[in-house]
Structures are given as structure tokens and as C-alpha cells.
Amino acid sequence: MSKQMIWILRDYERCSGCRLCEIACSLKHEGVIWPEASRIRIFEVAPGITIPHLCAQCPDYPCVKACPSNALSVDKETGAVIVDEGKCTLCGECVKACPGRVPRVVKGKSAVIICDLCGGDPECVKACEKAGYGALNVIARPTTSVIMHYAKTPEEIAKPLVKKVLDIEPEEVM
């Protein structure tokens, strides 16, 4: 896919929890299978309810604004958040500012990790498509209201899904 303002649409009901996206991401960015250092994470917040969680690319980029060392920037072509590892101090301000708590400090890494959309060709999406799940899809960057619907913690995202799929109140299992 050519570089353009893109976004990864998540279909939570199609996620099997296989974690192939985490493997593909860690192989791309780290050169080894290291799910903890994957820029996409799968959370099983209730039995059978798995949430693929990654940067929502908020229109106002609160993580970028919160960074005191200017280690975060926005790729003008893809819209992804880019981390300058040489500037990052691992202070965690970006994590606090993010409505979904997506940026992560991982032991063994010298900088915070955030999805960079693999430069416009996300490996997580390719792995999900190849497996036939279709839980992740690359689309043109959507409207602000759509983006902000995904800028939440995995637990917040899962609540309506628990109700719909399991037909129980989220508080009963989460």
C-alpha cells in the first residue's frame, strides 16, 4: 500500500486472540518474536473477548503534545506517531496523556513504543488477513468521531462487546 493518511480499523468481534499480529509486529520492529515489545497488543478482558489494542492516532495527538523532550512527532504522510529513540527519556508523560494508555515502556527498550503503521504497510494487518480473520483492516483515515471511538482502554472497549456477545453485564466478568 502506498504511503497515505491511513488507519487500522479493528473489528473486535472477528479477533480470535491468535496473537499473530503481535508476532508479525515484533518481528518487523525487533527482529525476534517478542510480543511484549509489539506495537499492537491483544488483551483478553473477559473469557473469549479479545481486544486488539493499538494507537488510535487521535486527531489532536495528546501523546505528542505531552512529550517534554519532543521525542514524539507525527508522520505527515501516514499520520502515525514516530518515536525518536535518541530523545525519549521514558518519562511516561505520553502514556498518561493517551486516552487509551497505548504508548508503553517495555523493559529492555530504550524508548517508549507506539504503533508507527510500519511506514504505511502494517505487518499486523497482513498477518491477520493471511490468517483469514479480518479483524484488522487498513482504511483511509476516518473522521474524528470514528477515531475517538477507538481511543479508549481495552476494558472500556470491551464493555459493550461483553454485553452483546456474552449477554451479561461486564461487571460480572471484568
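The values are calculated or read from the model by the stated rules, or taken from the named source; none is laboratory data. The shown structure was predicted, so the numbers you read here are calculated from the model rather than taken from an experiment. Ideal geometry is used to build each Cβ from the backbone, glycine not excepted, and the neighbour counts take in all protein chains shown.
Let me confirm something: among 65, 76, which residue is of a type in the set (D, E, K, R) and out of contact with any strand residue (DSSP E or B) (no Cβ under 9 Å at 6 or more places or on another chain)?
Every option except 76 fails the conditions.
Of the helices (runs of 4 or more DSSP H) contained entirely in the range 71-157, those carrying at least 1 residues that are among the polar types (S, T, N, Q) fall at 144-150. Within the range 165-174, the residues that satisfy the criterion of being without any contact (Cβ under 8 Å) to a residue 12 or more places away in the chain and either under 17 Å from the mean Cα position of the chain (by Cα) or assigned to a helix (DSSP H, G or I) (or both) are 171, 172.
None of 23, 33, 8 is part of a helix (DSSP H, G or I) and at pLDDT 95 or above except 23. Within the range 66-105, track down each residue that is within 23 Å of residue 8 (Cα to Cα), surrounded by fewer than 18 Cβ atoms within 10 Å (Cβ to Cβ) and either acidic (Asp, Glu) or touching a residue at least 60 places away in the same chain (Cβ under 8 Å) (or both). Matches in the range 66-105: 75, 77, 84.
Among the residues of the range 11-34, the one identified as within 13 Å of residue 127 (Cβ to Cβ), without any contact (Cβ under 8 Å) to a residue 40 or more places away in the chain and either aromatic (Phe, Trp, Tyr) or loosely packed, with under 15 Cβ neighbours inside 10 Å (or both) is 33. Of all residues in the range 144-162, those being without any contact (Cβ under 8 Å) to a residue 60 or more places away in the chain and touching a Leu at 6+ places or on another chain (Cβ under 9 Å) number 1.
Residue-level check: of (1) touching a strand residue (DSSP E or B) at 6+ places or on another chain (Cβ under 6 Å); (2) over 30 Å from residue 171 (Cα atoms), residue 19 misses just (2).
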